[in-house]
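The structure under discussion is supplied below as structure tokens; questions concerning it will follow.
The values are calculated or read from the model by the stated rules, or taken from the named source; none is laboratory data. Since we're looking at a predicted model, the values are computed, not measured. We place every Cβ from the backbone using ideal geometry, glycine too, and count neighbours over all the protein chains shown. Keep in mind that these areas ignore ligands, DNA and RNA; they rest on the heavy atoms of the full protein, side chains included. Shrake-Rupley method; radii C 1.70, N 1.55, O 1.52, S 1.80 Å.
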Amino acid sequence: MKGVSAMRFLSAVLLGASLLLSPPAAAPARAQERVVNVYNWSDYIDPYAIDRFQRETGIRVRYDVYDSLETLEAKLLAGKSGYDIVVPTSEPSFSRLIRAGALAPLDAARIPHLANLDPTMMSQVKSSDPGNKFGAIYLWGTTGIGYNAAKLAALAPDAPRDSWDLLLKPENAKRMAKCGIVLLDSAIDVIPSVLRWLGRDPNSTDSQDLAAVESALRGIRPYIRAFIGGGAVEQLASGEACLALNYSGDVIQAAARAEEAGKGIQIRYIVPKEGAQLAFDMLAIPADALHKSEAMELINFLLKPDVMAGITNQVRYPNAIPISNSSIKPDILNDPGIYPPQSVRDRFFTIGAVPPEATRARSRMWARLKSGG
Amino acid sequence: MRTLFLAPLWAWLTLFVAAPALLIAVIALAIPADTVPPFRLALAPDALIQALTDSFYWHGFLGSLRIAAISTLACLAIGYPMALAIARTSARWRGLLLAIVILPFWSGFLLRITAWIGILRDEGYLNAILSAVGIAKIQLMNTDAAMFIGIIYCYLPFLILPLESRLSSADRSLEQAAADLGATPVRVFVHVTLPHSLPGMFAGLALVFIPVTGEYVIPELLGGPSSITIGRVIADEFFNNNDWPQASALALILLAALVLPATIARRAPRGGRI
């Protein structure tokens with residue numbers, strides 16, 4: 001969810017290295033020492049939580065990070081990654097890894113804190129993981145619109161601030177093009193939202209629906225400056241882009257960064273009223289993990305309300321453990337961009353797995369759209 | 001004795017050229033599947049046939065060849081005069097000038113490309129200078145122009161170095177003789193200097209053209225979305241569509257397509273005699 005295609009070159013290099021030198025992280029542990037090898041998104045943990053886990057359990061945590069799902073997925077699909085805990089996003093990676101048999105089922109008896117997870121959200125994950133067998137929700141977010149408040153007020157004061165119309169209607173996009181419109185370079189994160197805006201099924205793999213999406217996006221293509229893999233945090237925060245189809249977490253980070261910079265740039269996040277795609281980052285265990293029991297212990301620890309509240313306070317992403325709310329900082333809990341009210345949550349939607357042929361049709365449409373040809 | 005000296009070379013070729021190519025060929029003939037790794041071994045030509053017949057892939061190949069051709073010609077236009085100038089300076093300055101050409105290699109490739117992002121972006125150094133002297137800002141990042149700047153910057157030394165080495169080995173008395181016999185400077189260049197430099201020029205052109213055709217990083221980081229390159233297409237097949245056989249088939253064809261110009265460059269006139 002955080003960055004789907006940033007620097008694929010690096011992923012390729014890392015993958016090549018891991019194929020040659022696998023397993024990278026699983027150097028033989030000394031006889032009695034218990035370890036767990038964690039592979040998580042960068043900047044996505046409360047360092048104190050890891051310290052505390054090591055102190056309380058004596059299990060050593062070897063912590064490694066990635067910045068794109070592709071890096072993670074390619075490593076796991078190549079096999080023998082050496083990791084014991086990974087954090088894939090529900091779609092497409094988590095569900096694809098389940099289908100490929102790359103993940104081990106969680107043992108609910110050994111992870112009692114699974115019961116802390118919001119049952120509504122866990123049932124929303126079922127479109128990716130029927131039966132909730134393979135993962136626990138770590139953090140979650142939506143795909144929506146980030147904008148620069150001053151630029152929007154100046155260039156398109158009458159444009160709606162609660163709808164995909166702001167971005168997808170050509171008359172609005174045309175006015176905002178002057179200050180920079182960017183889209184996520186990720187077909188899987190853009191197409192379902194456009195389908196939803198068109199009043200169609202976000203899960204549709206029908207070719208006519210895809211054609212409708214393409215023609216809608218072509219309408220605003222001339223006004224798009226760039227397709228950005230991995231989210232437009234930097235572009236929004238620096239004022240280089242003023243309107244972005246982006247992940248909620250990225251926009252919230254951009255807002256925080258813009259405030260730190262103190263140049264008076266205000267970034268806001270919109271959860272469009274037509275509905276926003278919900279994505280979950282899932283705690284999961286690779287099928288060939290060597291330290292499964294330590295991994296389950298760490299997952300159980302992370303699902304403790306006070307630990308999870310610490311993580312949310314640190315990274316500003318919402319978690320799925322409602323009883324942790326009392327320990328979350330009020331400015332985070334009351335930010336509707338991070339914790340949207342129930343009326344907004346009711347309009348969230350999730351997507352299911354896309355069959356390979358439809359995936360290819362989507363990625364080709366995407367390449368055509370980007371090339372403008 | 002000769003075999004002994006060549007052994008490391010053969011080991012290197014087997015390990016780092018033949019083995020990976022063979023691995024790619026094996027995967028290209030496999031069938032994609034929802035497994036770890038995501039293919040089933042087979043002898044299926046489907047992916048190769050698809051790679052050769054699908055017009056979408058041809059766009060990718062042609063897009064990359066276009067970028068490589070433009071970049072190579074631009075490198076030649078900029079690099080030839082530079083190589084000639086360096087070759088004609090006194091020995092003392094020549095070493096220094098060559099060192100300056102090589103100097104950028106002392107820092108990482110990705111680092112240098114990232115530095116160009118800092119220069120070319122909307123709020124970057126170039127636009128800061130432009131607006132300081134009263135010229136309107138230009139948008140360069142994420143355009144073809146930025147991509148070509150990055151490619152030419154990175155690959156220019158590969159053209160200059162072999163060309164300069166050839167030019168500096170030229171016998172200047174031949175040029176003087178031609179001039180004494182009444183040839184104009186242009187005639188001297190076309191009939192004496194240029195033919196002598198051809199082997200170095202072809203080596204330089206191949207050193208630029210071949211890697212630029214497969215170039216993925218610079219178009220991805222500096223370029224705009226407007227050009228489909230084969231590097232991007234392969235990455236999409238691998239990472240987005242999870243179709244390793246298709247990605248491998250395309251990589252294999254790219255490899256074959258690049259062996260051709262390399263062979264031509266090898267067969268190119270060794271030149272030197274007039």
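List every residue whose amide H lies under 5 Å from the amide H of B:ALA33, counting only residues 5 or more places away in sequence or on a different chain, with H placed 1.01 Å from N in the peptide plane.
So B:ALA33 has HN proximity to B:PHE39, B:ARG40.
With the Cα gyration tensor of the protein assembly as shown in hand, give its eigenvalues times 5 under a square root as the equivalent ellipsoid semi-axes, listed largest first in whole angstrom.
48, 31, 24
Let me ask something additional. Quantify, in whole percent, the carbon and sulfur part of the accessible surface of segment B:2-267 (1.4 Å probe; protein heavy atoms only).
74 percent
Let me ask something else about it. Near the amide H of A:TYR66, under 5 Å away, which other amide H atoms are found, from residues 5 or more places off or on another chain, if H is placed in the peptide plane?
HN-HN under 5 Å from A:TYR66: A:ASN40, A:TRP41, A:SER42.
Ok, one more. Count charges around A:SER371 for me, please; just the other residues with Cβ under 14 Å from its Cβ, Lys/Arg as +1, Asp/Glu as -1.
+2
In square angstrom, what is the accessible area per residue of chain A with a 1.4 angstrom probe?
It amounts to 38 Å² per residue over chain A.
Continuing with this model, one more query. I'd like the mean, over residues of B:232-245, of how many other protein chain beta carbons sit within 10 Å of each residue's own Cβ.
That works out to 6 on average.
Relative contact order for chain A using alpha-carbon pairs under 8 Å, separation at least 6, rounded to a whole percent?
Computed over chain A, the figure is 26 percent.
Taking H as built 1.01 Å from N, whose amide H comes closer than 5 Å to the amide H of B:THR143, not counting residues under 5 places away?
For B:THR143, the qualifying residues are B:GLY224.
How big a patch of accessible area, both sides summed and in Å² to the nearest 100, lies buried between A and B at a 1.4 Å probe?
2900 Å²
Divide by every residue of the protein assembly as shown the summed helix terms, -39500 (n - 2.57) for each DSSP H run of at least 4, and state the resulting mean residue ellipticity at 222 nm, rounded to the nearest 500 deg cm²/dmol.
-16000 deg cm²/dmol
Also, quick follow-up: Using mean Cβ contacts within 10 Å as the protection proxy, how do B:114-125, A:60-71 order, highest first?
Ranking, from highest mean packing down: A:60-71, B:114-125.
Which of the peptides B:10-16, A:88-94 is most tightly packed, and how do the rest follow, judged by the mean count of other Cβ atoms within 10 Å per residue?
Averaged packing, sorted descending, gives the order A:88-94, B:10-16.
For A:354-364, what's the mean count of beta carbons from other chains sitting within 10 Å of each residue's beta carbon?
Average per residue, whole number: 3.
Trypsin sites (Lys or Arg not before Pro) within segment A:224-267: which are DSSP loop residues with at most 15 other Cβ atoms inside 10 Å?
Passing both the DSSP loop test and the Cβ count: A:LYS263.
Ordered by residue, what ³J(HN,Hα) values in Hz, to whole numbers, does segment A:181-186 give under the Karplus form 6.51 cos²θ - 1.76 cosθ + 1.60, where θ = phi - 60° and Gly and Pro are x?
Computed from phi, the couplings for segment A:181-186 are 10, 10, 10, 4, 8, 7 Hz.
Give, as a single signed number, the net charge of other residues whose beta carbon lies under 11 Å from the beta carbon of A:SER324, with Lys and Arg counted +1 and Asp and Glu -1.
Neighbour charge sum, excluding A:SER324 itself: -1.
Given +1 on the Cβ of Lys and Arg, -1 on the Cβ of Asp and Glu, and no further charges, what dipole in debye does segment B:2-267 carry about its Cα centre, rounded to the nearest 20?
In debye, rounded to 20, segment B:2-267 gives about 960.
Please report how far the C-alpha centroid of segment B:33-68 lies from that of segment A:287-358, rounded to the nearest whole angstrom.
Each part reduced to its Cα centre gives a spacing of 38 Å.
Let me ask another. Mind pulling the angle between the C-alpha long axis of helix B:144-168 and the longest principal axis of chain B? Nearest 10 degrees, somewhere in 0 to 90.
Roughly 50 degrees between the two axes.
Not counting ligands, DNA or RNA, and with a 1.4 Å probe, what is B:LEU260's accessible surface area in Å² rounded to the nearest 10?
Using a 1.4 Å probe on the heavy atoms, I get roughly 110 Å².
Any idea what angle helix A:248-261 forms with the longest principal axis of chain A, computed on alpha-carbon atoms, 0 to 90 degrees, nearest 10?
Helix A:248-261 sits at roughly 80 degrees to that axis.
To the nearest 10 degrees, how steeply does helix B:55-87 sit against the main Cα axis of chain B, on a 0 to 90 scale?
Computed tilt is about 20 degrees.
For chain A, what is the percent of antiparallel DSSP beta bridges, rounded to the nearest 5?
55 percent
Let me ask another. Tell me, what ³J(HN,Hα) does each residue in segment A:115-131 have, in order and in whole Hz, if you take phi through Karplus 6.51 cos²θ - 1.76 cosθ + 1.60 with θ = phi - 60° and put x for Gly and Pro?
Using θ = phi - 60°, the values come out as 5, 6, 6, 4, x, 4, 5, 4, 6, 5, 6, 4, 5, 9, 9, x, x Hz.
Next question, about the same structure. How many Cβ atoms of partner chains, on average, are near each residue of B:29-38 if near means within 10 Å of its Cβ?
5
Tell me, which residues of segment A:217-250 get at least 50 Å² less accessible area when the other protein chains come in, versus the chain alone (1.4 Å probe)?
A:ARG225, A:GLU240
Quick one: Karplus J couplings for segment A:142-156, per residue in order, coefficients 6.51, -1.76, 1.60, θ = phi - 60°, nearest Hz, x for Gly and Pro?
Karplus values, whole Hz, x for Gly and Pro: 10, 10, x, 10, x, 9, 8, 4, 5, 5, 5, 5, 7, 8, 9.
Before anything else, pin down the relative contact order of segment B:2-267: Cα pairs under 8 Å, at least 6 apart, normalised by residue count, whole percent.
Relative contact order here is 31 percent.
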